[in-house]
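Here's the structure we're looking at; comments come further down.
The values are calculated or read from the model by the stated rules, or taken from the named source; none is laboratory data. These figures come from a predicted structure and were not determined experimentally. FYI the Cβ positions are ideal-geometry reconstructions off the backbone, even for glycines, and counts take in every protein chain you see.
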Amino acid sequence: MPKIPFFSHHPDVEIDPVCKMEVEIKKPPGGTHEHEGATYYFCAPGCRVAFSKEPEKYLDPSYEGSM
Ligand SMILES: [Zn+2]
């Protein structure tokens, strides 16, 4: 089995859609939010609240991240 470099995308992290930070899915500091059947993970409660208010804004491919 080839070893996966530690700096590659880790399967246990997801990208916070608001600030584009990596978030550990086992203990997301900002909790999670479900939207249209998908679960999103957040680095902080502020990101989760922002996303829950305007998910379409943060899921738009033209959105580049903030904060
Ligand atoms: Zn965030």
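Listing for the model above:
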quantity: Qualifying position, being within 10 Å of the ligand (Cβ to nearest atom), surrounded by 14 or more Cβ atoms within 10 Å (Cβ to Cβ) and modelled with pLDDT of 95 or more, among P55, P45, P17; calculated: P17
quantity: Residues within the stretch 31-64 that are of a type in the set (G, A, S), out of contact with any Asp or Glu (no Cβ under 9 Å at 6 or more places or on another chain) and over 13 Å from E14 (Cβ atoms), tallied; calculated: 5
quantity: Residues of the stretch 32-42 satisfying the condition of being within 14 Å of the ligand (Cβ to nearest atom) and either hydrophobic (A, V, I, L, M, F, W, C) or touching a residue at least 40 places away in the same chain (Cβ under 8 Å) (or both); calculated: F42
